[in-house]
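The next block holds one structure in the form of structure tokens; read it before the comments.
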Amino acid sequence: MPVRPTDSDALCGLDAVELAALLRRRELSAREVVSAHLDRIERVNPALNAIVTLDAEGALAAAGAADELAASGAELGPLHGLPIAFKDTHLTRGMRTTHGSPLFADHVPDEDELLVERVQGAGAIRIGKTNVPEFAAGSHTFNPVFGATRNPYDTTRSAGGSSGGAAAALAARLTPIADGSDMGGSLRNPASFCNVVGLRTTPGRVPSLPTNDLWETLGVAGPMGRTVADVALLLSAMAGPDPRCPQSLETPGSVFRAPLERDLKGLRVAYAPDLGGRVPVDPEVRELVAQQVKVFEAAGAHVVEDCPDLDGAEDVFRVLRAQAFRTGLGPLLETSRDQLKPSLVWNIEEGLGLTSADLARARTEHSRLHLAGVAFFERYDVLIAPVSQVLPFDVDLEYPTVIDGQPQHSYLDWMRSAYLLTVLGAPALSVPAGFTDAGLPVGLQIVGPPRAERTVLEIGAAYEAATGHGRRAPRLP
């Protein structure tokens, strides 16, 4: 429908690809787009707490500069004029980055993270920061600095995490694109909970700087959006090599801007409803995911129930994650233990207790599992599975303690459906898979071979077109 500058909600409801096209044709100005989103944030965000730092004045000034650039006839970046609020664990020069911790509540970095630099260099306009759990630990977004982020589809429920603020902002039409990060599901779970799209990338696809571990393979950055095409557009700006990052992949990000054209006919699909009996799954989640098998079959895909070899993946993930927390946050335990949440203290202590034998075992097993995963994807084009084992849960809970009658003993246990697949080093796309009778979203995980982001995105776009689940917006003021 025609968009008018006064119809801000209709403008905010446009997908990023649509907005970008209108901006490039100068049918909309960046100032109009940013102003509309700022207006919606003012009205809607208080009920959600998705965006926790906002710089309206700076965003409008940047929008004005973007419009002058467009008027000059200069070449415009692929994200020209699109507003974005960066995850509050990603460094933003001149704008506070709290990590959801009282220790950094007033921290204002003097540099941009590489991801932030690339996205803004592609023309996106920074409007603020999105909420995270403390130091991004856990898949439920709450912290002592800003409190909890609420789910736009039911504000009594969690938005997931650690990219919960990003997912909620997207679902609520507060931003058209968002950045996320994912170690054990931190990008995929909130996408599932909030009926948006998120891509966990292959390690090295989106280089990360600054970092104190250039060889990290569990934690990656990735794009989020309301459609698969929007995610591909953002990935085109985030991806690409950097000589300082030894794992960065040589493929330029521009390859992801090509149209995602593919059908599902003849596709070889492995279906793992509970990852080979390794994870309990809520019955409503299981039923909705099972219905998606019929979508693939109706489109001509060949679906077989099968699962990669994940034996030992639990130990690999737990050991390498603990080591990452030790490397990244170990010094804080000595100086600020009383200002860290108990689960963080536990994580860091797990890392401090690791032996060289633990690390050697995990590295060896990680290598075996990676090769087994590569062999699995020689037989199948993609794997489909639930993103999360549960529905969005009560916002006042730290984590679900029971799934389908099985107790969950820590705040990590309920995320196994995501983190066991992390170990494969493969791209994993979370796409909307429908709603329960109570209106709660469920996500489908589409996983492909390592480095096959385009394949996963193309298949995700075809599935999205066949279902349209992502078009259902939350009812908000």
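Pick out, from LEU69, GLY100, ALA59, the residue whose Cα sits farthest towards the positive end of the charge dipole of the stretch 48-101, with +1 on the Cβ of Lys and Arg and -1 on the Cβ of Asp and Glu.
Final value for the positive-end residue is GLY100.
Dipole of the chain, Cα-centred, from +1 at each Lys and Arg C-beta and -1 at each Asp and Glu C-beta, to the nearest 20 debye? Write down the numbers at each step before the final one.
Numbers: 43 positive and 59 negative charges, 122 e Å.
I would put it at about 580 debye.
Determine the per residue accessible area of the stretch 3-145 with all protein chains present and a 1.4 angstrom probe, expressed in square angstrom. Please report the intermediate quantities before stating the final value.
Working: 5430 Å² over 143 residues.
Heavy-atom SASA per residue in the stretch 3-145 reads 38 Å².
By DSSP, what percent of the beta bridges with both residues in the chain are antiparallel, rounded to the nearest 5?
Numbers: 32 of 44 bridges.
About 75 percent, rounded to the nearest 5.
Run the reach check for LYS265 against lysines, Cα to Cα strictly under 24 Å, same-chain hits fewer than 8 apart removed. What comes back?
Of all the lysines, those that pass the test against LYS265 - Cα under 24 Å, at least 8 places apart if same chain - are LYS294.
How long, wide and thick is the stretch 116-171, going by the Cα atoms along their three principal axes, in whole angstroms, largest first?
37, 25, 16
Roughly how many Å² is the accessible area per residue of the stretch 218-283, as a whole number, for a 1.4 Å probe?
On the way: 2430 Å² over 66 residues.
Value returned for the stretch 218-283: 37 Å² of accessible area per residue.
So, in nm, how far is label LEU397 from label SER367 when the simple model puts each one 7 Å beyond its Cα toward the Cβ?
Computed distance between label sites LEU397 and SER367 equals 4.1 nm.
In Å and on Cα atoms, what radius of gyration and Dmax does the stretch 320-373 show?
Expressed in Å, the Cα Rg and Dmax of the stretch 320-373 come to 13.4, 43.
First select every other residue whose beta carbon is under 13 angstrom from the beta carbon of ASN45; then total the charges, Lys and Arg +1, Asp and Glu -1.
Values: positive: ARG40, ARG43, LYS129, ARG150, ARG173; negative: ASP39, GLU42.
My count for the surroundings of ASN45 gives +3.
With a cap of 14 neighbouring Cβ atoms within 10 Å, and only residues DSSP puts in a loop, list the trypsin sites (Lys or Arg not before Pro) found in the stretch 10-60.
Values: sites: ARG24, ARG25, ARG26, ARG31, ARG40, ARG43; in loops: ARG25, ARG26.
Within the stretch 10-60, the qualifying trypsin sites (Lys or Arg not before Pro) (loop, at most 14 other Cβ atoms within 10 Å) are ARG25, ARG26.
Using only the Cα atoms of the stretch 284-374, what semi-axes does the equivalent ellipsoid have when each is the square root of 5 times a gyration tensor eigenvalue? Give whole Å, largest first.
On the way: eigenvalues 288, 77, 15 Å².
Rounded to whole Å, the semi-axes are 38, 20, 9.
Can you list residues from other chains, or at least 5 along the same chain, whose modelled amide H is less than 5 Å from the amide H of VAL281?
none
Is the stretch 232-317 rounded, prolate or oblate when judged by the Cα gyration tensor, a ≥ b ≥ c being the square roots of its eigenvalues, rounded requiring a/c under 1.5 and prolate requiring a/b larger than b/c? Intermediate values should be presented prior to the final figure.
On the way: a/c = 2.55, a/b = 1.39, b/c = 1.84.
Oblate, because a/c is 1.5 or more while a/b does not exceed b/c.
Using θ = phi - 60° and the Karplus form 6.51 cos²θ - 1.76 cosθ + 1.60, what ³J(HN,Hα) does each residue of the stretch 386-392 get, whole Hz, x for Gly and Pro?
Coupling constants for the stretch 386-392: x, 6, 10, 7, 10, 7, x Hz.
For the stretch 74-90, in order, what is each residue's ³J(HN,Hα) by Karplus, 6.51 cos²θ - 1.76 cosθ + 1.60 with θ = phi - 60°, in whole Hz (x at glycine and Pro)?
Residue by residue, the stretch 74-90 yields 5, 5, 9, x, x, 10, 3, x, 7, x, 9, 10, 7, 4, 6, 9, 9 Hz.
Using only DSSP helix segments of four residues or longer, with each worth -39500 (n - 2.57), what per-residue ellipticity at 222 nm results for the chain after dividing by its residue count and rounding to 500? Don't skip to the end; give the middle numbers.
On the way: 14 runs with 176 residues, N = 477.
Result for the chain: -11500 deg cm²/dmol, rounded to the nearest 500.
Evaluate the Debye formula for the stretch 348-446 with equal point scatterers sitting on the alpha carbons, no solvent, and hand back log10 of I(q)/I(0) at q = 0.24 Å⁻¹, in q order, two decimals.
-1.26
Using θ = phi - 60° and the Karplus form 6.51 cos²θ - 1.76 cosθ + 1.60, what ³J(HN,Hα) does each residue of the stretch 396-403 get, whole Hz, x for Gly and Pro?
My calculation for the stretch 396-403 gives 8, 7, 6, 6, x, 9, 9, 10 Hz in order.
For the stretch 300-425, what does the relative contact order come out to in percent, with C-alpha contacts under 8 Å and a separation of six or more? It would help to have the intermediate numbers written out before the result.
Working: 100 pairs, mean separation 39.2, N = 126.
Relative contact order, the stretch 300-425: 31 percent.
Lys and Arg at +1, Asp and Glu at -1: add these up for the other residues within a Cβ distance under 10 Å of ARG126 and post the number.
Numbers: positive: ARG93, LYS129; negative: ASP55, ASP112.
Neighbour charge sum, excluding ARG126 itself: 0.
Positive end of the dipole of the stretch 161-303, charges at C-beta (+1 Lys, Arg; -1 Asp, Glu), about the Cα centre: which of LEU288, ALA191, LEU275 has its Cα farthest in that direction?
LEU288
Given 20 °C and 1.002 mPa s, how large is the Stokes-Einstein diffusion coefficient of the stretch 4-47 in µm²/s, with Rh as the Kirkwood radius over Cα pairs?
Approximately 202 µm²/s, per Stokes-Einstein.
Taking the simple approach of a point 7 Å from Cα along Cα-to-Cβ for both ALA465 and ALA65, what is their distance in nm?
Distance between the two pseudo-spin positions: 3.9 nm.
What relative contact order, as a whole-number percentage, does the chain give when Cα pairs under 8 Å and 6 or more residues apart are counted?
Details: 1114 pairs, mean separation 75.3, N = 477.
After rounding, I find 16 percent.
Cα-based Rg (one decimal) and Dmax (whole number) for the chain, in Å?
My reading of the Cα-based Rg and Dmax gives 20.8, 64 Å.
Note down the magnitude of the dipole of the stretch 343-409 about its Cα centre, charges +1 on Lys and Arg C-beta and -1 on Asp and Glu C-beta and zero elsewhere, to the nearest 20 debye.
On the way: 4 positive and 10 negative charges, 91 e Å.
For the stretch 343-409, the charge dipole is close to 440 debye.
Within the chain, what's the longest run with no GluC sites (Glu not before Pro) in a DSSP loop and at most 14 other beta-carbon atoms within 10 Å? Give the range, please. Present the calculation step by step, with values, prior to reporting the outcome.
Details: sites that count: GLU27, GLU75, GLU111, GLU250, GLU261.
Here the longest run is 262-477.
Solvent-accessible area per residue for the stretch 371-411 at a 1.4 Å probe radius, Å²?
44 Å²
Starting from the Cα-Cα distance between ARG268 and ALA47, subtract it from 0.36 nm times their residue separation and give me the gain in nm to one decimal. Write down the numbers at each step before the final one.
Details: separation 221, 0.36 × 221 = 79.56 nm, distance 4.31 nm.
Going from the current span to full extension adds 75.2 nm.
If the reach is capped at under 19 angstrom between alpha carbons, list the lysines near LYS87, excluding any in the same chain fewer than eight residues apart.
Those lysines meeting the cut-off are LYS129.
Mind listing which trypsin sites (Lys or Arg not before Pro) in the stretch 235-277 are in a DSSP loop and have 16 or fewer other Cβ atoms within 10 Å?
Numbers: sites: ARG244, ARG257, ARG262, LYS265, ARG268; in loops: ARG244, ARG262, LYS265.
Passing both the DSSP loop test and the Cβ count: ARG244, ARG262, LYS265.
Once amide H atoms are placed 1.01 Å from N in the peptide plane, what residues at a sequence separation of 5 or more from THR175, or on another chain, have their amide H within under 5 Å of its amide H?
LEU170
What percent do you get for the relative contact order of the stretch 224-337 when only Cα pairs under 8 Å and 6+ apart count?
Computed over the stretch 224-337, the figure is 20 percent.
Amide H of VAL52 versus every other amide H placed in the peptide plane: which residues, excluding those fewer than 5 positions away on the same chain, fall under 5 Å?
Long-range HN contacts for VAL52: LYS129, THR130, ASN131.
What translational diffusion coefficient, in µm²/s and rounded to a whole number, does the Stokes-Einstein relation yield for the stretch 1-116 at 10 °C and a viscosity of 1.306 mPa s, taking the hydrodynamic radius as the Kirkwood radius over Cα pairs? Can you show the working numbers first?
Values: Rh = 15.4 Å.
Translational D for this selection: 103 µm²/s.
If I compute solvent accessible area with a 1.4 Å probe over the protein chains, what percent of it on the chain is carbon and sulfur?
Values: 8810 of 17610 Å².
Ligands and nucleic acids excluded, carbon and sulfur reach 50 percent.
Please identify the DSSP H helices in the chain that span no less than 24 Å along the helix axis (Cα) and have a mean Kyte-Doolittle hydropathy of -0.5 or more. Write out the running numbers ahead of the final one.
On the way: long enough: 313-336 (33 Å, 0.10); 356-379 (35 Å, -0.31).
Length and hydropathy pass: 313-336, 356-379.
When a/c is below 1.5 the answer is rounded, else prolate if a/b is larger than b/c, else oblate, so apply that to the stretch 143-238 with a ≥ b ≥ c taken from the square roots of the Cα gyration tensor eigenvalues. Can you show the working numbers first?
Working: a/c = 2.19, a/b = 1.39, b/c = 1.58.
Taking the square roots of the gyration eigenvalues as a ≥ b ≥ c, the stretch 143-238 is oblate.
The values are calculated or read from the model by the stated rules, or taken from the named source; none is laboratory data. Remember, predicted model here, so these are calculated numbers, not experimental data. No Cβ is skipped: glycine too gets one built from the backbone with ideal geometry, and neighbour counts run over all protein chains shown. What goes into the accessible areas is simple: the full protein's heavy atoms, side chains included, and nothing from ligands, DNA or RNA. Shrake-Rupley method; radii C 1.70, N 1.55, O 1.52, S 1.80 Å.
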